[in-house]
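One structure is given here, and the rest of the page talks about it.
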Amino acid sequence: MNITDIRQHFPILDQQVNGHDLVYLDSAATSQKPIAVIEALSTYYREYNSNVHRGVHTLGTKATDGYEGAREKVRRFIGAKSIQEIIFTRGATTALNMV
């Protein structure tokens, strides 16, 4: 994959700044989202929006199932032995402070 192919996955990078393609280098603060993430977030807000691990109602259960499903996908992707090895945090600073 070349840089042009990668950029096509990030709609925000279609912008021009002073006649040049937008380059975003502040990923420590926030990262730009590819189309797949934008679509997944849109689906979540349209169909699941509820607190995770907090409710026994339908939306809460759907949100929790999706959250834990993501944990399992990450486990498989990185080859972890157990989902207990996968910890989601707010960001890199929070994660590093836990170590």
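Each reported figure results from applying straightforward, stated rules to the coordinates on display, with no laboratory input. What you are looking at is a predicted structure, and each value in this text was computed from that prediction instead of being measured. Cβ sites come from the backbone with ideal geometry, for glycine too, and all protein chains shown count toward neighbours.
Between Asn97 and Asp65, residue separation times 0.36 nm minus the direct Cα-Cα distance comes to 8.8 nm.
Using the alpha-carbon positions of the chain, Rg (one decimal) and Dmax (whole number) come out as 17.1, 52 Å. Taking only the alpha carbons of the stretch 48-99, we obtain Rg and Dmax values of 12.8, 35 Å in that order. The modelled label-to-label distance between Ile12 and Thr89, using points 7 Å beyond Cα along the C-beta direction, is 2.2 nm. Between the alpha-carbon centres of the stretch 1-38 and the stretch 76-99 there is a gap of 26 Å.
Normalised by the number of residues in the chain, the average gap of Cα pairs under 8 Å and 6 or more apart makes the relative contact order 12 percent.
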